[in-house]
Every structure is written in C-alpha cells, then in structure tokens.
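> Sharing a structure, written as structure tokens. Questions coming.
The values are calculated or read from the model by the stated rules, or taken from the named source; none is laboratory data. Everything numeric in this text was worked out from a predicted model, so none of it was measured. Here the Cβ positions follow ideal geometry from the backbone for every residue, glycine too, while neighbour counts run over all protein chains shown. SASA here: full protein model, heavy atoms, side chains in, ligands and nucleic acids out. Shrake-Rupley method; radii C 1.70, N 1.55, O 1.52, S 1.80 Å.
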Amino acid sequence: MINGNTKVVGLIGNPVEHSFSPAMHNSAFDKLGLNYRYLAFKVEEKSLKRAIYGAENLNMIGLNVTIPHKINVIKYLDDLDPVASKIGAVNTIDLRTLKGYNTDGVGAMRALEEVTSLKGKNVVVAGAGGASRAICFNLVEKNVGSLTILNRNVEKASLLSGEIGVNYDSINEIASYLEDADILIDTTPIGMDPNINDKPIATSDMMHEDLVVNDIVYNPLETVLLKEASKVGDKTVSGLKMLLYQGVESFKIFTGVEAPVDVMENELLKLI
C-alpha cells in the first residue's frame with residue numbers, strides 16, 4: 001500500500017513507455033514486503049538537469065538511467081563508483097548521495113556467460129553509446145581474444161575504441177567482421193518496440209552457425225536481429241536477461257538487500 005512512508009525509485013529516459021523495469025522491481029518489492037514503488041519518467045535531454053535535482057529534492061531514493069542520458073547525466077552527480085567512472089556512463093543513481101553506478105556491464109556479462117564463455121573469444125559490438133561503453137569495458141576485463149566496435153558514426157566508434165584500445169570500423173562493414181566472430185552484440189535501439197520491423201544490423205546470410213548473437217533490446221523479446229540469427233541455428237541471448245541482471249544489481253543499490261531473482265524474472269516473462 002502506498003502511504004506517506006513509501007520510498008520512490010524510478011527510471012528516466014526517452015522513450016520509457018516500453019519499459020519492463022517498473023513491473024520487475026515492484027514485484028520484487030512486494031515479494032520482500034518493502035514499502036517502495038518504481039515508476040518510469042520520460043525526460044527530454046533539455047530537462048535532464050532539472051529532473052535529477054528535482055528527484056533528489058523530492059527525496060526519491062534512486063533512479064535507473066536509460067537512452068539517451070547515460071553519459072550526460074554524469075555532469076549532475078557528486079560522485080561515481082570506480083566502475084562507472086572508468087566506463088564513463090551511468091545507469092543507476094543513488095539519489096541519497098548523488099552517486100552514479102553502472103550495472104549494465106555486469107548484467108550483460110552474466111547474461112552472455114549463461115550460454116558461452118568469453119575468454120579468448122572474438123567479439124563484435126554494434127553501437128558506441130552508453131550501453132556499448134559498459135559492455136566493451138567489461139568484455140576487456142573478461143580477456144576476450146579480440147573486440148571490434150562498429151558504428152554508423154565512425155568517429156564516435158573511434159573515440160570509444162581509443163579509450164579501450166580495441167578495433168573499430170563502420171557498421172557497413174559488419175559482414176566481413178562476422179566471418180571470424182564468435183559473438184555479436186547489438187547495443188543499438190534498432191528493432192525496439194514500436195519499430196519492430198526495422199532493418200537489422202546483420203542478416204542471416206552474414207552469419208555462420210556457430211555465432212552467439214545478443215541483442216540488448218528486450219521489447220520485443222525476439223528482435224529482427226535475433227530472428228535472423230535463429231534462421232541459421234545460432235544461439236541467441238535476449239536483452240531480457242541483461243535487463244534482469246542489471247536490475248538485480250540496481251535493486252541492491254536502492255534497498256541494500258539481495259533481490260529475489262526468480263521473482264523478477266518470472267514477472268518479466270509475464271510481460272512478453
């Protein structure tokens with residue numbers, strides 16, 4: 001029951017209408033009997049500063065941060081977790097201290113490692129935004145064999161690759177990179193609801209049957225990219241798993257207690 005003692009957490013981004021995070025977190029709060037509620041807030045880029053300070057002054061507990069604010073939000077925080085500082089992107093904020101964290105990379109690695117090992121693998125990552133930064137820094141920590149960042153804006157890919165010390169190229173060259181790739185990770189919003197019929201970054205004729213394909217978009221569960229991968233029998237990793245595991249990490253930051261993972265996952269699956 002919502003009352004005067006209810007603690008509020010939430011999500012900021014644009015768009016947020018598609019988000020499964022409120023249902024996921026609220027199911028966990030209910031299971032553990034915690035007097036918290038999680039809400040989603042659409043925030044334009046021009047309003048980001050006011051949104052952060054407004055949430056802080058309203059005594060909200062914390063926020064998750066999604067596209068397109070993961071990098072720009074840093075300028076409005078007082079402190080950064082070392083991992084978030086290294087990555088240069090934030091997806092979780094403890095508003096009690098205005099401290100930023102990044103749980104995206106942890107969530108992505110846990111999701112991938114459910115189906116494949118990472119050490120020594122040749123990985124191609126599409127996109128060079130906030131989620132890509134988190135994933136790429138964590139991939140390097142996992143000692144992958146090679147990592148190539150592909151992006152439509154090649155300059156942006158170059159900047160990120162230079163920070164990490166890996167390869168980069170135009171997304172238009174993806175077919176040649178997939179020939180020797182073990183893992184493809186799409187961090188772009190292509191195929192996200194409602195644009196579920198967007199042209200994917202790669203098609204089945206570019207993929208070999210031993211490729212692991214991960215799309216961090218989770219709505220729909222099977223994106224156009226994952227459908228293409230399924231045509232050749234590739235292992236696929238839905239963005240739902242990354243959402244789950246980054247949420248588990250955020251939940252602990254917000255509440256100080258361990259999240260009921262099974263409850264959160266079951267709630268997500270109800271929404272598919």
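> When the label point is put 7 Å from the Cα of E113 along its Cα-to-beta-carbon vector, which residues of segment 178-195 have a backbone N closer than 17 Å?
none
> Same structure, new question: So who's got an amide H within less than 5 Å of the one on V237, skipping anything under 5 residues away but keeping other chains? H placed 1.01 Å off N, in plane.
Answer set, sorted by chain and number: V213, N214, D215.
> Still on this structure, I have one more. Between K31 and S170, what is the spin-label point distance in nm, taking each point 7 Å from the Cα along the Cα→C-beta axis?
4.7 nm
> Then there's this: Just check segment 157-223 against the gyration tensor rule for me: Cα atoms, a ≥ b ≥ c as the square roots of the eigenvalues, rounded for a/c under 1.5, and otherwise prolate or oblate depending on whether a/b exceeds b/c.
Cα axes put segment 157-223 in the oblate bin.
> Given a 1.4 angstrom probe, I'd like the percentage of the accessible area of the chain that is carbon and sulfur, rounded to a whole number.
The nonpolar share, carbon plus sulfur, comes to 48 percent.
> So with the 1.4 Å probe, I'd like the accessible area per residue for the chain, rounded to whole Å².
That works out to 45 Å² per residue.
> Using a simple spin-label model with points 7 Å from Cα along the Cα→Cβ vector, what separation in nm is obtained for K42 and R96?
3.2 nm
> Given a 1.4 Å probe and heavy atoms of the protein chains only, how would you sort E17, E267, largest accessible area at the top?
E17, E267
> According to a simple spin-label model (label point 7 Å from Cα along Cα-to-Cβ), what is the distance in nm between N153 and T6?
Result: 3.8 nm between the two label points.
> Taking a cut-off of 24 Å between Cα atoms, list the lysines near K231, but don't count ones fewer than 8 places away on the same chain.
Result set, ordered by chain and number: K121, K199, K241.
> Given a 1.4 Å probe and heavy atoms of the protein chains only, how would you sort S204, S230, largest accessible area at the top?
The ordering from most to least exposed comes out as S230, S204.
> Sequence-distant or interchain residues sharing an amide H contact under 5 Å with L80, placed H: which?
Amide H neighbours of L80: G100.
> Find the centroid of the Cα atoms in segment 1-48 and in segment 230-250, then give the distance between the two in whole Å.
Going from one Cα centre to the other spans 22 Å.
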